[in-house]
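What follows is calculated from the coordinates using simple rules that are stated; it is not laboratory data. Please read all numbers here as calculations on a predicted model, not as lab measurements.
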Amino acid sequence: MTALNENFHSLSPMEIKNYLENAIEGVINEIDNANRVPTKWEVDHIRIALDYILAGMYNAAGQAVDFIRIDPDKLANPEPYFSPEENISLRQLTDYLYLVKGAPPRWSFPS
């Protein structure tokens, strides 16, 4: 997994949570700075990553963060996923991110 380094297990839940939230915020900022609408792929995986963070499933959240930046050419049928997502705004994604940031860390990762 690239979103979390190999020292994953030595980090505290709060450090992992912050790292993942910052990675997601970076993606949202990149989309915003490019003045574009996020793709369905980006929206789906940002939401999935945030859901996993809320549940304390940081390993799964890290994988979802990695999938946000996947090369469309690596998917069998990328067209439906890489079209603009008109139903979810960057503001809504940012609001969800800040809701997650305000939640306490949880640890649901098996030891």
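The string of couplings for the range 16-31 from the Karplus curve (6.51, -1.76, 1.60, θ = phi - 60°) is 5, 4, 4, 4, 5, 4, 5, 5, 5, 4, x, 5, 4, 5, 4, 5 Hz, one whole number per residue in order, with x for Gly and Pro. Estimated at 0.36 nm per residue, the fully extended path between Val37 and Glu15 surpasses their Cα-Cα distance by 4.9 nm.
A cut-off of 5 Å between modelled amide H atoms, ignoring neighbours fewer than 5 places along the same chain, links Thr39 with Glu85. For the range 28-102, the convex hull spanned by the alpha carbon atoms encloses 91 Å³ per residue.
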